[in-house]
Each structure stands twice: as structure tokens, then as C-alpha cells.
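Colleague: Here's a structure for you.
The values are calculated or read from the model by the stated rules, or taken from the named source; none is laboratory data. Everything numeric here is computed off the predicted structure, so don't read it as measured data. When we count neighbours, we look across all protein chains shown, and the Cβ atoms used for this are built from the backbone with ideal geometry, even at glycine. SASA here: full protein model, heavy atoms, side chains in, ligands and nucleic acids out. Shrake-Rupley method; radii C 1.70, N 1.55, O 1.52, S 1.80 Å.
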Amino acid sequence: MRELLRKIPQVSKLIEEYGKVHGDSPLLRMAIKNAVDKVRREILEGKRSHLEDLGLVIEEELKRLKRTNLRRVINATGVVINTNLGRSVLSEETANFIKEIATHYSNLEFDLEEGKRGSRVRLVEELLVDLVGCESAHVVNNNAGAVFLVLNTHAKDREVIVSRGELVEIGGSFRIPDIMRASGAILVEVGTTNKTRLQDYKNAISPNTALIMKVHKSNFYMEGFIEEVKAEELLSLGLPVYYDAGSGLLMDLRKLGINYEEPSFEELIKKGLHLVSGSGDKLLGGPQAGLILGKREFVEPLKKNPLSRVLRVDKLTLSALEHTLRLYREERYEEIPTLRMLSTAEEELKKKAKKVAKHLKNVKWLSVSIVRELSVCGGGSLPELKLPTYCVAIKHQRISPQELYKWLLKQEPPVVGRLRDDLLLLDMRTVLEEDIKPLISVLKGLEF
Ligand SMILES: *Cc1c(COP(=O)(O)O)cnc(C)c1O
């Protein structure tokens, strides 16, 4: 061991040697230092008995240092709104608009007609009001922020009635009881896990009740002996009703050929709810944001709460949101990748699978087939929806499906598939058109 440690060349010698190839740079020096540290550690841990690949370790480290941490990946999971993989993909046209705003000055908070300061939310408020038919709209950082802001503004130190069946956890530490406590509102739980009736809400009303809140169950559904009160029925109690709609739909899903009972923002507002909120990057297919829509007397106080400044959206979000909302207004739904992927016809997915499979026919060690499967929407949206899809199923004769899954994550670009039994599935629903070529070339690399 000591012998081997002594054999590690001096860092200065390595910098001289590799500097000739790569050019001396701070990054190269860092790579060499890291590589030497790594090799030394491996020797001490008894995991290394030679230094033959030191050059390779340095090259790998240099590559890693040059690579950004946030990277594009190929989503072959079939989960359209995949929170781990960045939720909604934006269209090229939307991205171009973000670029224009990002690389120039803009009228973000400047009213060009009046020549004086204007609010940033006004940039999207009119579009939202038009699309949804509400009196007023507000936008914050995300829907969790929207829930927090609504509760803090309208129910601080006051009671909010929620059904026990709706005290959900959305994932990543968003739990309704916790967010409510943090906002200063007092949670009053009514009903049971599976059944809550109008009378339960009625019995819980006190002089200190500020709001009745309904929460979209999002990532689960109940079957069997169940009963819940619809948001519009809660209006009969004579108190303000706030609905956290979770995803937030700006259109009728049936227009896309998707048969699913999910009321749009517009329908919810028409029913007369005082406040409705939802995410910008779930079913809406835009950037991360929290949209709050409703009656003027309930939305305007939100804007005056100092927390609105804490939760405000930046110009990149606003440019993405405005552009996406314009696509809705022009009814160009096919330009919104989330909606397009949810509504892609089975036949088209089959064609895509065949195209990928065809290129893999002669790859050694690989057996490839096409299987019909089901993909899901994800992101806590449309939990009961199962979309028929086609997957390229691969098996490698030299490595296990789990190893194959991990190998794919290490490629450029990384590919995220899904495991089922002894197969690695690549679901074509979420593989973008421009991902097909890189996907094929990654898979061809399996010939080892
Ligand atoms: C997703 C979701 C949230 C959180 O929304 P973010 O935009 O991710 O902050 C809150 N409530 C419900 C019901 C949700 O489904």
C-alpha cells in the first residue's frame, strides 16, 4: 500500500503533463487534485491495487467539473408531469420568449402607457381573468405559496374548516395541517377519513370561522364507502369557500379526447367559489407558479399582504407563464407539451416504439420488444387516469435490469426508464421527438 501511494506522481508533474494536452486551467488543476485525492483514498481503503487508469480518472473528473449540475434528461418513465424530472416541459416558442426577456431589459414593473411604476402581476392578470372568467387574479411562486398566502391573509388566528378526508400530503413536506399551522390559521377537522357530510361542516362553524377550505386529493383516490361535499354545496353555508384545486386546468380535457371528470378553473369560478388556486407547472403545462383566482374582495387583499413580496415570481417565470397563457387564449393546445403528451394517440406511440426498436435490432447482448402498457399523468394530477401506451422493452444478456437502469442514468444525456419485472421499459409517451436520436445512440452504447 505504501509502495503504491509513493508511486502517485506529484500534482505539479501531472499539471505539467496534462496541461500540454488540455491547456493549463483552474479546472484542470482542480480535476487533478480531486483525482489524486480519490485514488489515494481508494488505495487506503484497499479498493485499488494499481495506477494504470490514473489518466482516465483525471479525464473523468475534468468532464464532471465541466458539466452543469442541472442537466437535460430523457424522460422514458411515461409519467408526463414528473416532479422529479422538472414537471412540465415548455414549448420552443415559449423558451424563445423567455430568452428575449432574459437577455434584454423589459417593462416588468414599468407601465409603458403611464410612464410610471406598474405591478408585475398585471402582465398576466388580464389573461387569467379572460381565460377563467374570474373578477381578479394573483400569481405567486407556487401553489404551496398560494395556499399559505390565502390562509395567512384571510384566516390568521381564525378557524378554517377542512374535511378529514382532504388533509393530504402532496410530497416533499407539503402537508395541509402543517402549512395551515405555519400560516397562522387554526385547523378545524370535520368528518371522517372516508365520509364527510354538509352537516359536519355546519356543526363546526363558530364566530371565529374565517373560511371553509376544500383540497383536491391530488395523488390518491378513494373507492367504496365514501361521501364528500362538493365545493359548490359548501357555498350554502354562507361562509367564504376556498378550493385548493391542486393542478389547475385551463380547459376542458374532453377537447383533447381525454375522458376524465376534472373541473376546470372556469367551471369552478362559475359555481361561485370565492377563491381557487392551482399550480402553474402541473396540468396547465407552464412554469412553476401558484395561480390564485376569484372574487375581487378576496384576491385584492392577497396582493397587499407583505408575504406577496416574499412569494413573488421572477421575470423568467412571468414570461413563461404569459406565453403559455397566450397559447391557451389562441387555443393552440398542441403547442403545450404537457397537453400534447397526455393526448398522443396510441398509434403514434406504437410508431415511435417501432422506430426506436428498429435501430436496436443488431445491438449485441440486447433483446428488444415492444409492449403495450399504461402510463400515468403524475404530479398529483388525474390520479385515476391510465393511458394506454407503447414501450420499448429491453433486456441485456450481461447485466441485470437494475444495473441497466443505473447504466442509463450515467449516459449523456441520462435516460430515466422504468422497471417492470425483469424488463426495462422505455415509455414512448414522454420521449420527446428530439430525444429519439440521442436515445437510440445511448442504447447503441450497450454493446459491451
Ligand atoms: C401540487 C399541489 C400543491 C402544491 O403545489 P406546488 O405548485 O407544487 O407548490 C398544493 N395543493 C395540492 C392539492 C396539490 O396537488
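Colleague: How high is the relative contact order of the chain? Use alpha-carbon pairs under 8 Å, at least six apart in sequence, and give a whole percent. Write down the numbers at each step before the final one.
Modeller: Values: 784 pairs, mean separation 85.0, N = 448.
Relative contact order comes out at 19 percent.
Colleague: Further question on the same structure: Can you work out the Karplus-derived ³J(HN,Hα) for every residue in the stretch 431-445? Use 6.51 cos²θ - 1.76 cosθ + 1.60 with θ = phi - 60°, whole Hz, and x for glycine or proline.
Modeller: Working through the residues one at a time gives 7, 5, 3, 6, 7, 4, 4, x, 4, 4, 6, 4, 5, 5, x Hz.
Colleague: I'd like to know which of Val371, Leu385, Leu360 lies farthest towards the positive end of the charge dipole of the stretch 339-415, counting +1 on Cβ of Lys and Arg and -1 on Cβ of Asp and Glu.
Modeller: Leu360
Colleague: Here's something else I'd like to know. On a C-alpha basis, how far is the centre of the stretch 128-175 from the centre of the stretch 15-74 in Å? Whole number, if you could?
Modeller: Between the Cα centre of the stretch 128-175 and that of the stretch 15-74, the gap is 48 Å.
Colleague: Using 0.36 nm per residue, how much length does the chain from Gln199 to Lys38 gain when fully extended, once their Cα-Cα distance is taken away? If you can, show how the numbers build up before the last one.
Modeller: Details: separation 161, 0.36 × 161 = 57.96 nm, distance 6.61 nm.
The Gln199-Lys38 span can extend by a further 51.3 nm.
Colleague: Pulled fully out, how much extra length does the chain show between Arg71 and Glu412, if you take 0.36 nm times their separation in residues and subtract their Cα-Cα distance? Could the numbers behind the result be given before it?
Modeller: On the way: separation 341, 0.36 × 341 = 122.76 nm, distance 0.95 nm.
Difference between extended and current length: 121.8 nm.
Colleague: Then there is this: If you add up the charges near Leu28, with Lys and Arg at +1 and Asp and Glu at -1, over every other residue whose beta carbon is less than 14 angstrom from its beta carbon, what do you get?
Modeller: Working: positive: Lys13, Lys20, Arg29, Lys33, Lys63, Arg64, Lys66; negative: Glu16, Glu17, Asp24, Glu59, Glu60, Glu61.
Local charge sum for Leu28: +1.
Colleague: At Arg181 and Asn208, where each label point lies 7 Å from the Cα along Cα→Cβ, what is the point-to-point distance in nanometres?
Modeller: Using points 7 Å along Cα→Cβ, the separation is 1.7 nm.
Colleague: Continuing with the same structure: Given a Förster radius of 45 Å and the C-beta distance between Arg372 and Phe110 as r, what FRET efficiency does 1/(1 + (r/R0)^6) yield to the nearest 0.05? List each step's numbers first, then the result.
Modeller: Numbers: r = 54 Å, r/R0 = 1.20.
So, using R0 = 45 Å, E works out to roughly 0.25.
Colleague: Further, regarding this structure: Could you tell me the distance between the Cα centroids of the stretch 255-326 and the stretch 370-448, to the nearest Å?
Modeller: 33 Å
Colleague: Mind ranking 27-38, 305-316, 154-165 by how tightly packed they are, going by the mean number of other C-beta atoms within 10 angstrom, highest first? It would help to have the intermediate numbers written out before the result.
Modeller: Details: 27-38: 17.9, 305-316: 14.8, 154-165: 19.7.
Per-residue mean Cβ counts within 10 Å order the peptides as 154-165, 27-38, 305-316.
Colleague: Using the alpha carbon gyration tensor of the stretch 2-65, what are the three equivalent-ellipsoid semi-axes (square root of 5 times each eigenvalue), largest first, in whole Å? Can you show the working numbers first?
Modeller: Values: eigenvalues 84, 29, 16 Å².
For the stretch 2-65, the ellipsoid semi-axes come out as 21, 12, 9 Å.
Colleague: Roughly how many debye, to the nearest 20, is the charge dipole of the chain about its Cα centre, given +1 on each Lys and Arg Cβ, -1 on each Asp and Glu Cβ, and no other charges?
Modeller: Values: 70 positive and 64 negative charges, 359 e Å.
Around 1720 debye, computed over the chain.
Colleague: If you count, for each residue, the other Cβ atoms within 10 Å and average over each peptide, how do 141-148, 99-106, 236-243 line up from highest to lowest?
Modeller: Numbers: 141-148: 23.2, 99-106: 11.4, 236-243: 19.8.
So the peptides 141-148, 99-106, 236-243, ranked by packing, come out 141-148, 236-243, 99-106.
Colleague: In addition: For Arg340, Arg2, Arg48, give me the order by solvent-accessible area with a 1.4 Å probe, most accessible first, ignoring ligands, DNA and RNA. Spell out each step's value before the answer.
Modeller: On the way: Arg340 110, Arg2 185, Arg48 35 Å².
Accessible-area ranking of Arg340, Arg2, Arg48, largest first: Arg2, Arg340, Arg48.
Colleague: Work out, step by step, the length gained on full extension between Glu384 and Asp421: first 0.36 nm times the residue separation, then minus their alpha carbon distance; give nm to one decimal. If you can, show how the numbers build up before the last one.
Modeller: Working: separation 37, 0.36 × 37 = 13.32 nm, distance 2.27 nm.
Contour length minus the Cα-Cα distance gives 11.0 nm.
Colleague: Something else about it: Short version: ³J(HN,Hα) in whole Hz for each residue of the stretch 215-224, in order, from phi by Karplus 6.51 cos²θ - 1.76 cosθ + 1.60 (θ = phi - 60°), x for Gly and Pro, what are they?
Modeller: Listing the rounded values in order: 10, 5, 5, 6, 9, 8, 9, 10, 10, x Hz.
Colleague: Taking a label point 7 Å from the Cα of Ser49 along the Cα→Cβ vector, which residues of the stretch 1-27 have an amide N closer than 12 Å to it?
Modeller: Taking a point 7 Å out along Cα→Cβ of Ser49, the residues of the stretch 1-27 whose backbone N falls under 12 Å are 1.
Colleague: Still on this structure, please answer the following. Once the other residues with Cβ under 14 Å from the Cβ of Lys351 are scored (Lys, Arg +1; Asp, Glu -1), what is the net sum? Don't skip to the end; give the middle numbers.
Modeller: Details: positive: Lys350, Lys352, Lys354, Lys355, Lys358, Arg372, Arg429; negative: Glu346, Glu347, Glu348, Glu433.
Here the charged neighbours net out to +3.
Colleague: Something else about it: Describe numerically, in nm with one decimal, the distance between label points set 7 Å from Cα along Cα→Cβ at Val21 and at Ser236.
Modeller: 7.8 nm
Colleague: Ignoring everything but the protein chains, give the 1.4 Å probe accessible area of Leu54 in square angstrom, nearest 10.
Modeller: Here the residue's solvent-accessible area equals roughly 10 Å².
Colleague: Follow-up question, since we're still on this one. Grab the other residues whose beta carbon is less than 10 angstrom from that of Ser136, score K and R as +1, D and E as -1, and report the net.
Modeller: Working: positive: Lys295, Arg296, Lys303; negative: Glu125, Glu135, Glu297, Glu300.
Net charge in that neighbourhood comes out at -1.
Colleague: Please report the relative contact order for the stretch 2-65, taking Cα pairs under 8 Å with a sequence separation of at least 6, and give it as a percent rounded to a whole number. Don't skip to the end; give the middle numbers.
Modeller: Working: 41 pairs, mean separation 24.1, N = 64.
Over the stretch 2-65, the number comes to 38 percent.
Colleague: Now for a separate question. Would you work out the relative contact order for the stretch 64-137, in percent, from Cα pairs under 8 angstrom that are 6 or more residues apart?
Modeller: Working: 28 pairs, mean separation 8.7, N = 74.
Relative contact order, the stretch 64-137: 12 percent.
Colleague: Of all DSSP beta bridges located in the chain, what percent are antiparallel, nearest 5?
Modeller: 65 percent
Colleague: Quick one: among Glu412, Glu334, Glu42, which has the greatest mean-square fluctuation in a GNM of the chain with alpha-carbon springs under 10 angstrom?
Modeller: Glu42
Colleague: Just the C-alpha atoms of the chain: what Rg/Rh do they give, with Rh taken as the Kirkwood radius? Mind dumping the intermediate values first?
Modeller: Values: Rg = 26.8 Å, Rh = 25.2 Å.
Here Rg/Rh amounts to 1.06.
Colleague: Under a 1.4 Å probe, what is the accessible area of the chain per residue, stated in Å²? Show your work: numbers first, answer last.
Modeller: On the way: 23010 Å² over 448 residues.
With all protein chains present, the chain gives 51 Å² per residue.
Colleague: I've got another one for you. Greater than 19 Å separation of Cα atoms is the criterion. Which listed pairs, Lys156/Lys304; Lys156/Lys214; Lys350/Lys406; Lys13/Lys33, meet it? Intermediate results must be reported in sequence, preceding the final value.
Modeller: Working: Lys156/Lys304 15 Å; Lys156/Lys214 17 Å; Lys350/Lys406 25 Å; Lys13/Lys33 12 Å.
Pairs exceeding the cut-off: Lys350/Lys406.
Colleague: Continuing with the same structure: How much FRET efficiency would the formula 1/(1 + (r/R0)^6) give for Arg2 and Ser400, where r is the Cβ-Cβ distance and R0 is 35 Å, rounded to 0.05? Walk me through the numbers on the way to the answer.
Modeller: Numbers: r = 38 Å, r/R0 = 1.08.
For Arg2 and Ser400, the calculated efficiency is 0.40.
Colleague: To the nearest 500 deg cm²/dmol, what mean residue ellipticity at 222 nm is calculated for the chain from DSSP H runs of n ≥ 4 alone, each contributing -39,500 (n - 2.57), summed and divided by the residues?
Modeller: Working: 18 runs with 176 residues, N = 448.
Rounded to the nearest 500, it is -11500 deg cm²/dmol.
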